[in-house]
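A short write-up of the structure that comes next.
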Amino acid sequence: MMMFPAISRNALLLAGFAIVCTGAIALISVLTRPIILEQEQIALQNNINELIKPDRYDNNIINTCFTVVDSELLGDEIPKQVFIATKYNKPVAALIQSSTFKGYSGEIKLLVGIYTDGTIAGVRINSHTETPGLGDKIQTNKSDWILSFDGKKYQESTEDKWEVKKDGGSFDAFTGATITPRSVVHAVRDALIYFEQNKTQLFNTPANCGDK
């Protein structure tokens, strides 16, 4: 009969420990989220500066933005920011945020710069949780793989090229890691499709990201 109080005590201790751990994790998540968002914003601003050279535009790109939603082509139903570069009040390029959950270990957030003629100005990764030494080669400080998108365009007649070489396409994969580059290639392709389908609207939507 003495066993039951002991078991109950242990059960209560374990339950209490679980509650404390869950609360600690939740608190850490709440406290670190603003820091993560701030770091993502810094990465976004740096990426914008890399994709569109200063002599190509004369507006404040960071403030010339608005949000769009397309769960099919831009990753999910969370609003994505679109930044517009202009010169002499004429559109030069759209920089479209996108994401994919088809990576190896979570969401990959990216920024795709597209000139008015549909040519890619460049692609940069805003954040990811891919495997260090493998999937993280999508970052420019790890490899120049992401630069392989520069200057490319999407055409439906050549859609089969928008795959990694292992799948019959024209993009290299990483040794030991195919899932990550495949997911990024598809995300960039879908962003290009979104651009072609909505180009007129994108370059005529008033900026509202600075509205309070």
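Please treat every number below as a calculation from the coordinates, not as lab data. Note that this is a predicted model, so its numbers are computed, not measured. Ideal geometry is used to build each Cβ from the backbone, glycine not excepted, and the neighbour counts take in all protein chains shown.
Observations on the structure shown:
- Normalising the average separation of contacting C-alpha pairs (under 8 angstrom, six or more residues apart) by the number of residues puts the relative contact order of region 61-209 at 23 percent.
- At an R0 of 22 angstrom, the distance between the Cβ atoms of Asp58 and Gln81 translates into a FRET efficiency of 0.60.
- Protection proxy ranking, peptides 188-197, 159-168, average beta carbon neighbours within 10 Å, highest first: 188-197, 159-168
- Net charge contributed by nearby residues that have their C-beta within less than 14 Å of Arg189 (K/R +1, D/E -1): -4
- Converting phi to 3J(HN,Hα) with the Karplus coefficients 6.51, -1.76 and 1.60 and the offset θ = phi - 60°, region 140-146 yields 5, 7, 10, 6, 9, 4, 4 Hz in sequence order, with x at every glycine or proline.
- Cα centroid separation, region 45-76 to region 165-199 (Å): 19
- Cα gyration tensor category, rounded, prolate or oblate, for region 43-134 with a/c compared to 1.5: prolate
- Full extension of the chain between Gln39 and Thr129 gives 31.0 nm of extra length, using 0.36 nm per residue less the Cα-Cα distance.
- Classification of region 90-180 by its C-alpha gyration tensor yields an oblate form. The axis ratio a/c (a ≥ b ≥ c) is 1.5 or more, and b/c is at least a/b.
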